[in-house]
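Peer 1: Please find one structure pasted underneath; my questions will follow.
The values are calculated or read from the model by the stated rules, or taken from the named source; none is laboratory data. Nothing here was measured: the structure is a model prediction, and the numbers come from that model. All Cβ positions, even for glycine, are placed from backbone atoms using ideal geometry, and neighbour counts span all protein chains on display. Side chains included, ligands, DNA and RNA excluded: accessible areas come from the protein's heavy atoms. Shrake-Rupley method; radii C 1.70, N 1.55, O 1.52, S 1.80 Å.
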Amino acid sequence: MKPLFGLPEAHGLYDPANEKENCGVGFIAHIKGKASHQFVHDASTMLVAMDHRGGCGCEANTGDGSGMLTALPHKFLRKVAKDDLKVDLPEAGKFAAGLVFLPRDSAQRATCKQLVEKLIAEQGQSFLGWRAVPTEAKKADIGPAALAAEPVIEQLFVAASEGLGADAFERQLYLIRKQASHLLRTNKQLSQALMFYICSLSTKVIIYKGMLTSGQVVPYYPDLQDPDFETHLAMVHSRFSTNTFPSWDRAQPLRFMSHNGEINTLRGNANWMRARRGNASSKL
């Protein structure tokens, strides 16, 4: 039986070392960088059109995973930060925002958030707040299996330290994300450790995703329906997990990219390189 979080142990013909996937991806952008809410609509239309590229379980309303990456929607984020957190965000490039999956258990969720805030301070940056991300599981018709593993979803805001350049700030955000993921997802004292996952944390892009079908992404996230959510680009992904197990954290896009499967294991990459080397040698 598959656990709610993580992979099953090897049994029968199944071996987690052999996991692969094959999916559908799409991208849209305004060539001159003009932001509009229309791009969210267009990206959603493209994503829904790739429903045949995404998988689902025995429950037709439990998807293998879908998501959308957009440019950071500054107008929308300034509004919700002011309304929900009573915070005036710094100028563009001086703050980051991202979605974070968190444990459902309140004590474990508090542990995760406290560690993230501690790491932000240790890296010399300023924690601005956590915003509860509204979700509509019933309206989006999320299936039982997806609901059983559904995390709490919050939006994290971080401000850059005084005088820190854009690239240097992105490096600090990377360090915060990697340290938090390593320390929390491997924490044996947290039974819901694998529910912690930082979907994105950047000054440039933001990601909304989950264990959803293509048609559930926008209905599930009311943020994406807000007219003030404007972007000049969008990347969408519909996952077909084939011989892998779906989960909320495995949904794509993956922070700055999407991939169409077959490149997600070190062993797989090494084997492909050996195959190419063999083909090249045979032609000599």
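Peer 1: On the basis of being of a type in the set (S, T, N, Q), under 17 Å from the mean Cα position of the chain (by Cα) and open to solvent by 20 Å² or more (accessible area, probe 1.4 Å), does T135 make the cut?
Peer 2: yes
Peer 1: While we're here: Any chance you could count how many residues in the range 188-237 are over 26 Å from P90 (Cβ atoms) and assigned to a loop (DSSP other than H, G, I, E, B)?
Peer 2: So the answer is 9.
Every residue, every condition in (1) over 19 Å from the mean Cα position of the chain (by Cα); (2) free of Cβ contacts under 8 Å to residues at least 60 places away in the same chain, yes or no:
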{"site": "K75", "(1), (2)": "yes, no"}
{"site": "D84", "(1), (2)": "yes, yes"}
{"site": "P90", "(1), (2)": "yes, no"}
{"site": "K94", "(1), (2)": "yes, no"}
{"site": "G98", "(1), (2)": "no, no"}
{"site": "P103", "(1), (2)": "no, no"}
{"site": "I120", "(1), (2)": "yes, yes"}
{"site": "L128", "(1), (2)": "yes, yes"}
